Structures are given as structure tokens and as C-alpha cells.
1. Could you tell me which numbered condition Val140 fails, if it satisfies all but one of (1) more than 22 Å from Pro297 (Cα to Cα); (2) surrounded by fewer than 17 Cβ atoms within 10 Å (Cβ to Cβ)?
2. With Lys167, Lys163 as the choices, which residue is in contact with a helix residue (DSSP H, G or I) (Cβ under 8 Å, 6 or more places away or on another chain), away from the ligand (no atom under 16 Å from the Cβ) and more than 16 Å from Lys121 (Cα to Cα)?
3. Are there any pairs, at least 6 apart or on different chains, whose C-beta atoms fall under 6 Å, with the first in the stretch 181-194 and in a helix (DSSP H, G or I) and the second of a type in the set (A, V, I, L, M), and if so, which?
4. How about the stretch 188-205: which of its residues are within 13 Å of the chain's Cα centre (by Cα), over 18 Å from Pro305 (Cα atoms) and either within 14 Å of the ligand (Cβ to nearest atom) or surrounded by 24 or more Cβ atoms within 10 Å (Cβ to Cβ) (or both)?
5. Provide a single number: the residues in the stretch 55-92 that are of a type in the set (Lys, Arg), in a helix (DSSP H, G or I) and surrounded by 14 or more Cβ atoms within 10 Å (Cβ to Cβ).
6. Residues of the stretch 93-124 being crowded, with 24+ Cβ neighbours inside 10 Å and either basic (Lys, Arg) or not assigned by TED's automatic domain parsing to the domain that holds Leu32 (or both), which ones?
7. Report every pair of residues separated by at least 6 positions or lying on different chains whose Cβ atoms are under 9 Å apart, first residue within the stretch 216-241 and in the same structural domain as Val131 (by TED's automatic domain parsing), second away from the ligand (no atom under 12 Å from the Cβ) and not in a helix (DSSP H, G or I).
8. Mind telling me which of the residues Glu218, Glu250 ends up being within 12 Å of the ligand (Cβ to nearest atom) and touching a strand residue (DSSP E or B) at 6+ places or on another chain (Cβ under 6 Å)?
Amino acid sequence: MIKSLTVLGSTGSIGVQALDVARLMGFEITALTSNVRIDILEDQIREFRPAFAAVADEKKAEELRIKIADTDTKILPGYAGVLECASIKTGAVLNSLVGIAGLLPTVRAIEAGNKLALANKETLVAGGETVTELAEKHNVDILPVDSEHSAIFQSLQGCPDRKQVKKLILTASGGPFFGKKADELRNVTAEQALKHPNWSMGAKITIDSATMMNKGLEIIEAARLFDIPGERIDVLVHRQSIVHSLVEYEDNSVIAQLGVPDMRIPIQYALTYPDRFVSPVRELNLAQAGALTFELPDDETFRCPGYCREALRRGGLYTAAVNAANEKANELFRKGKIRFGDIAESVEAALGLSLDNGGRTVEDILALDSEIRRKTEEMWQ
Ligand code: MG
């Protein structure tokens, strides 16, 4: 098992929970990073005494450097500092950055030979085979932190070569708007969309959950992580978020992973795999949970998963394109500049572009990401 850990995005929702696990497991912390939240980062530095900490915002980095001058932690400023933290040798790098900003740090961590616990799904959605091939080349394991993918990973343990897998079944809570139709959703506000029924998460992913784009991104993520075509990945709406995903085998046996909705379970499993340890998470009481329900998703009202499937089918840069359009539209919606339904339209527009499916270096992917963001912004001006 690992002894040391770097957490990229340590002041966000997943980052804070990762440090809960680190505290319990007694991991030594190598480095921590944050975008701007230096007050929380200062507390974390004082508790965990990492050798390095990075703050993406350079002004905030300087403020923090002065505040923690009495400690031995060295502050690395800017996004370059975040990249440097990813490449410092450690037991594992947990990447919980939000959005495409997570891609380059993933690449740096892999190039440094660091094991990767991946909560940043955009890494695999936009990075695709470029990232999985790089991980293979450097012999680096990518362990899923996303709850559905952790559930699949756990359910696959009985079938090491994965040859007898028929399909993967991702569960979806359905988000705050499940059961509503498109005309009822046209004018919902960001505030309404931010009320997730089961999970407490960051703002970007909570909106992605409301549009079901999150499930679309997760279909792509699962295809890349488990090397399986999108046609063999199903989605089931499961409102209680107890069954975190399932694997169906050729003999029609289905294996699932269950637990209370708490990210510390998948985080801990990614960091302690293949072992299991006592967790602070509450026990699952199935009698108390009562009925567990499953139903098909409403793909007509929630169109984003369908667009993601199409992007996955086309391959190449299309998955990066839908991701970029969504990331920009998600931001515009949170700022009140576009309507809820405009998010799906933005994603659809990205599929309408004719993209070169040839070279796919990280630079190609990042260039396309900027271009699509610009186009998405222009679309709503
Ligand atoms: Mg998830």
C-alpha cells in the first residue's frame, strides 16, 4: 500500500474528503494544491506538513507564502506550481481538479511514474487514448475515484482478464429534475439545479448531474478506463444512490457494489487497493434504506448522454469537443448568462463541427478545448 500522497485540488469537496482518508490511514502528504482557497489550504498545511503546496492564483500564492513562512512547506506559485506538484515522486497523486485543468497535471503525474487516483473525469473524456496509452507506456495504474467507476472496478475483481464481461451498468441518481419534461426545465435557475438529492459535490459537477451530462461524461470515462465500447455501457436511474454501478457477465450474473453515498469509500479504495480498511463512513443499513428502485433514463428530456455516446462512437477529438462545450456552457449557466436548456444545445453544436480525427497530442486537445470554449461563448452572445 502507498505511504505518501499528493492531493491536487485539496480544498475542493473530493480533496477535503481525501484528506479525511489520509488522516485515518496515516499517509504522509507530499504536496497539496488549490486554485484560490488559501485559508483552507493554510489549515491543511499546518495539519499535514506537506513538503510542497501550490496555489494556481499567483497573488494568493504570495499571500499564502507569507502566512505560512513559519512552516517548512515550500509554496510553488501558479498553474506551473500545480504541474510541478503533480510530478514530484510520491505514493499516489489524487487528481480532484475540476474540468480540463486536470488534464496536464494527469500527464505530468504519469510521466513521473506516479500512481494516479483519478477523480477528474475530464482527463479521460478529453484526453482519451492519449492518456491511457501514456499510462501504459509508463506502467502507471489509473485507479478510479468516481463512485460509479469505483463500483465497476470493485465488481470486476472476480474476473481479472475481463473477458467474460457482457456489459457495464452505470447507475444515475437522475439529479434534481428527474421526472420533469423539457418545457418544465426551460427556465430553471442555477440555484434550483444546485440542489442535488443525494450527493454533496462541487458546483460544476452538480450542474452536470442536473443536465445528466455527468452520466454522459461517465459513459466515456468508463469506456476508456475499462476498454469497452459505449454500446456495452447501459445507464439505469436509481434514485436512492445505494447501488453505485453493476457489471453483467456472459452467464447473466450481475455483480454490484453498494454503500451509503459517501465519496470517502471510493477514495479510500483507490488509495488502498487491493486491500480494504476500516472506514469512518456509516454502515449501509438496507432494511432502513427500504425499497431500491431502478428505471430507464429519459433520453429525450436529458439529451446530453446521447451526445456523449455519439462523440464516443466518432472517437478522436469529439469527446474533447463535447466536454469543452459543456464546461463553458455549465459556467455560463451558473453565471446566469444562458438558460438550462442551452447547455444541451451547446453540446449538440460541438458535435456539428467537422473535426480532424488525425493527431491527438495533449497540445491538440488543449487547442481544440480553447477553440470550442470560444465558439460556445460566441454562440450565446
Ligand atoms: Mg460519478
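1. The failed condition is (2).
2. On the way: Lys163 fails: in contact with a helix residue (DSSP H, G or I) (Cβ under 8 Å, 6 or more places away or on another chain).
Every option except Lys167 fails the conditions.
3. Ala193/Ile207; Ala193/Ala210
4. Residues satisfying the conditions are Met201, Gly202.
5. Number of matching residues: 3.
6. Lys121
7. That search, which allows pairs on different chains as well, returns nothing.
8. The unique qualifying residue is Glu218.
The values are calculated or read from the model by the stated rules, or taken from the named source; none is laboratory data. Since the model is a prediction, treat every value here as computed from it, not as a measurement. For neighbour counting, all protein chains shown are included, and Cβ atoms are generated from backbone atoms with ideal geometry for every residue, glycine included.
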